[in-house]
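Notes to accompany the following structure.
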Amino acid sequence: MAAAAGARPSCPGPGPWLRARLPALRWLPRYSLGWLQLDAMAGLSVGLAVVPQALAYAEVAGLPPQYGLYSSFMGCFVYCFLGTAKDVTLGPTAIMSLLVSSYAFHEPVYAVLLAFLSGCVQLAMGLLRLGFLLDFISCPVIKGFTSAASITISFNQVKNILGLRRIPRQFFPQVYETLRRVGETRAGDAVLGLACLAALAGLRAMKSRLPRAARAEPLAARVSYLIVWTSATARNALVVLFAGLVAYSFQVMGSQPFTLTGSIPRGLPAFRLPCFSMAAPNGTVPFGTMVEDMGVGLAVVPLMGLLETVAIAKAFASQNDYRIDPNQELLAMGCANVLGSFVSAYPVTGSFGRTAVNAQSGVCTPAGGLVTGAVVLLSLAYLTSLFYYIPKAALAAVIISAVVPMFDAGIFRTLWRVKRLDLVPLCVTFLLCFWEIQYGIVAGVLVSGILLLYSIARPPIKVSEGDVLLVQPGSSLHFPAVECLRDAVCSRALAASPPRSVVLDCRHVSSVDYTVVAGLAELLREVRKHGVSLAFCSLQDPVRQVLLSAGLEGFQHFPSREEAERCIGAAPGGGGAAPPFTSSREGSLLPTGLIQ
């Protein structure tokens, strides 16, 4: 599919700009019947997975179950034409549902408006090409957030497994109330929920260990492989279907030991603008107040949506050898969320589990999303009456099975071996996300930024002793590092008795800023007061041009370290002979006071 995703058609076609903005034009002119068969199979497999997950994720978002289905088809249609990864499917996910629960306050009107505003933000970011902002969210922050989300979402479903009601949604009160009321567990829900969890785990393990049937195998072996593979791939649908049949059987017999999903409105959602105000018991909540209530969610939701989609897309793109454009992904998600809000959808993003099903099913192009969206629409039109009998414990088992793999226990051990300082933003994000998601993410990003700034302010500086002190910065010099460099020179060269000349080896310095140049001017003046020299060597061209233009008084530089040491070390008092390269005050970039 590398050719399908990235190669240009041999026949004349639309221009590069249009192909970049409408990626479907890259593969549509060469679409074939063979691709159609594989895309249809993959789309059907994903559709069987998305319907039960959509019902379950609506529970995580604190919304009626139909909103999960409303959110599951528009993204499939939009991404088919605007997406850059053939495997990715857009729809409700566990993490996005958790964010919606935090910022939509379990109100459908807030959730739909959040989708519209998040889509607008994503569209604006894509048009302004702000996808690079993802580079400032480090991997430890992402891992801390996803691991905390895995625990939060899983424990949020324990109440449904146990059949408990009126449990708080905040994590710590939820843990307390669940443990306090564990004696009120409904035996039917608990037995069914644990049985569904065991079945899902068994089917997942079976699929991971299933050897692929070769074409040379007998027909019976290949048919058996297809049956087992389909059962394992559609495990969510099979488990929910089985649980629904069990619940329906009890209903027919006149007893019901399970907590059921209940009635779901039949039919497709109306296509209309999202509401920009909300009726409340004490009046109307205006648009401005709703935006204030969402607050930082209007930044967190779009960014996390992009982060999840791009991370998934890159993971599968690396296996299929095609490139992902974060800005184009922003445009695709922005359109999906804006148009989704017109059909009462809450914010969507890429789903790792369903994307994996898509890839393993052999999807060839994003057209598989059309089949997935059609399956959801057919379910809304004709099957919602059957959803009444789905036990909540079964849906809870689907959610727990989906989010438990998100917890990466090995990341703590890995960071301990690779770089222990990265454990700080990981732990800060992980712990604070149990309090409030936005605080955890923001705090993790801030801590990562502080650690990054500290490394810039305190670059590695290698100091070699000798007749002449050799100082070698290990990276570029920026304004926070000036004092660090000055201390390294003054403490080792000027504090010595007698003071020694210094050679500043700048082979690793590729850029300097104005503050650094001003600091070097002060350092040159201070060195001269002690009667010794400071010379530069191995300057890269951009740095040399800046320092020459600055007109530093006493500035001297040499092509190599040996020549610099020989020249300034041979002169009495460390003054050295006249250097081959010097600067003048003409055209100086510095104020006169710095070069006197």
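The values are calculated or read from the model by the stated rules, or taken from the named source; none is laboratory data. Everything numeric in this text was worked out from a predicted model, so none of it was measured. All Cβ positions, even for glycine, are placed from backbone atoms using ideal geometry, and neighbour counts span all protein chains on display. The protein model used for the area step is the full one, side chains on, heavy atoms only, and it has no ligands, DNA or RNA in it. Shrake-Rupley method; radii C 1.70, N 1.55, O 1.52, S 1.80 Å.
Here is how the numbers come out for the structure above:
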{"read-out": "Flag for ALA221 being over 30 Å from SER401 (Cα atoms) and open to solvent by 30 Å² or more (accessible area, probe 1.4 Å)", "value": "no"}
{"read-out": "Output for the range 456-466, where each listed residue is surrounded by 14 or more Cβ atoms within 10 Å (Cβ to Cβ) and closer than 21 Å to LYS419 by Cα", "value": "ILE456, ALA457, PRO459, ILE461"}
{"read-out": "Qualifying residues in the range 279-297 (those that are of a type in the set (A, V, I, L, M, F, W, C) and more than 16 Å from SER102 (Cα to Cα)) - the one nearest to the chain's Cα centre (by Cα)", "value": "PHE287"}
{"read-out": "ALA42 vs. criteria surrounded by fewer than 24 Cβ atoms within 10 Å (Cβ to Cβ), modelled with pLDDT under 90 and assigned to a helix (DSSP H, G or I)", "value": "no"}
{"read-out": "Test: residue in the range 382-399 that is outside any loop (DSSP other than H, G, I, E, B) and within 24 Å of the chain's Cα centre (by Cα)", "value": "yes"}
{"read-out": "Residue match in the range 431-441 (condition: crowded, with 20+ Cβ neighbours inside 10 Å and hydroxyl-bearing (Ser, Thr, Tyr))", "value": "no"}
{"read-out": "Residue list for the range 520-541, restricted to those being surrounded by fewer than 20 Cβ atoms within 10 Å (Cβ to Cβ) and under 13 Å from LEU477 (Cα atoms)", "value": "GLN540"}
{"read-out": "ILE142 under 20 Å from ALA299 (Cβ atoms) and touching a Ser or Thr at 6+ places or on another chain (Cβ under 9 Å)", "value": "yes"}
{"read-out": "Among residues of the range 529-577, those that are modelled with pLDDT under 85, in a loop (DSSP other than H, G, I, E, B), farther than 26 Å from ASP513 by Cα and of a type outside the set (A, V, I, L, M, F, W, C), counted", "value": "2"}
{"read-out": "Evaluation of ALA216 against (1) out of contact with any helix residue (DSSP H, G or I) (no Cβ under 8 Å at 6 or more places or on another chain); (2) open to solvent by 80 Å² or more (accessible area, probe 1.4 Å); (3) of a type outside the set (Val, Ile, Thr); (4) at pLDDT 90 or above (one fails), failing number", "value": "(4)"}
{"read-out": "Failed item, numbered, when PRO269 is tested on (1) touching a Pro at 6+ places or on another chain (Cβ under 8 Å); (2) in a loop (DSSP other than H, G, I, E, B); (3) not basic (Lys, Arg)", "value": "(1)"}
{"read-out": "Residue check, CYS490 closer than 15 Å to PRO459 by Cβ and modelled with pLDDT of 85 or more", "value": "no"}
{"read-out": "Residue in the range 365-375 that is more than 15 Å from GLY47 (Cβ to Cβ) and part of a loop (DSSP other than H, G, I, E, B) present", "value": "yes"}
{"read-out": "Helices (runs of 4 or more DSSP H) contained entirely in the range 420-526, each with at least 2 residues that are closer than 19 Å to SER538 by Cβ", "value": "482-489"}
{"read-out": "Odd one out for ALA148, checked against (1) within 30 Å of ASN327 (Cα to Cα); (2) surrounded by fewer than 19 Cβ atoms within 10 Å (Cβ to Cβ)", "value": "(2)"}
{"read-out": "Unmet criterion (only one of (1) modelled with pLDDT under 90; (2) surrounded by 12 or more Cβ atoms within 10 Å (Cβ to Cβ); (3) under 19 Å from ARG486 (Cβ atoms)) for GLN596", "value": "(2)"}
{"read-out": "Residues within the range 130-162 that are part of a loop (DSSP other than H, G, I, E, B) and within 17 Å of the chain's Cα centre (by Cα), tallied", "value": "3"}
{"read-out": "Qualifying residue in the range 68-75 (condition: of a type outside the set (Asp, Glu), open to solvent by less than 10 Å² (accessible area, probe 1.4 Å) and either without any contact (Cβ under 8 Å) to a residue 24 or more places away in the chain or touching a Lys or Arg at 6+ places or on another chain (Cβ under 8 Å) (or both))", "value": "no"}
{"read-out": "Spans of helices (runs of 4 or more DSSP H) in the range 275-364 with at least 3 residues closer than 22 Å to GLY144 by Cα, of a type outside the set (Asp, Glu) and open to solvent by less than 30 Å² (accessible area, probe 1.4 Å)", "value": "297-320"}
{"read-out": "Selected residue (criterion: nearest to LEU197 (Cα to Cα)) from residues of the range 368-423 that are among the aromatic types (Phe, Trp, Tyr) and out of contact with any strand residue (DSSP E or B) (no Cβ under 8 Å at 6 or more places or on another chain)", "value": "PHE407"}
{"read-out": "Within the range 367-381, tally of residues that are open to solvent by less than 10 Å² (accessible area, probe 1.4 Å) and touching a Gly at 6+ places or on another chain (Cβ under 6 Å)", "value": "2"}
{"read-out": "Members of the range 163-211 found to be within 15 Å of PRO391 (Cα to Cα) and open to solvent by less than 30 Å² (accessible area, probe 1.4 Å), listed by number", "value": "GLY163, LEU164, GLY188, ASP189, ALA190, LEU192, GLY193, CYS196"}
{"read-out": "Complete set of residues in the range 45-67 that are touching a Lys or Arg at 6+ places or on another chain (Cβ under 8 Å) and assigned to a loop (DSSP other than H, G, I, E, B)", "value": "GLY62"}
{"read-out": "Filtered residues of the range 485-511 (kept if closer than 17 Å to ARG525 by Cα, hydrophobic (A, V, I, L, M, F, W, C) and surrounded by 13 or more Cβ atoms within 10 Å (Cβ to Cβ))", "value": "LEU485, ALA488, VAL489, CYS490, ALA493, LEU494, VAL502, VAL503, LEU504"}
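Every residue, every condition in (1) of a type in the set (A, V, I, L, M); (2) over 35 Å from the mean Cα position of the chain (by Cα), yes or no:
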| position | (1), (2) |
| --- | --- |
| VAL442 | yes, no |
| LEU446 | yes, no |
| GLY449 | no, no |
| LEU453 | yes, no |
| LYS462 | no, yes |
| LEU469 | yes, yes |
| LEU477 | yes, no |
| ALA481 | yes, no |
| LEU485 | yes, yes |
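Quick grid of which residues meet (1) modelled with pLDDT of 90 or more; (2) of a type in the set (Lys, Arg); (3) closer than 30 Å to ASN236 by Cα:
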site: VAL371; (1), (2), (3): yes, no, yes
site: LEU377; (1), (2), (3): yes, no, yes
site: LEU380; (1), (2), (3): yes, no, yes
site: PRO425; (1), (2), (3): yes, no, no
site: PHE434; (1), (2), (3): yes, no, yes
site: GLY440; (1), (2), (3): no, no, no
site: ARG458; (1), (2), (3): no, yes, no
site: VAL463; (1), (2), (3): no, no, no
site: SER476; (1), (2), (3): no, no, no
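Rundown of residues vs (1) open to solvent by 20 Å² or more (accessible area, probe 1.4 Å); (2) modelled with pLDDT of 95 or more; (3) within 20 Å of the chain's Cα centre (by Cα), yes/no style:
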| residue | (1), (2), (3) |
| --- | --- |
| TYR57 | no, no, yes |
| CYS80 | no, no, no |
| LEU98 | yes, no, yes |
| LEU127 | yes, no, yes |
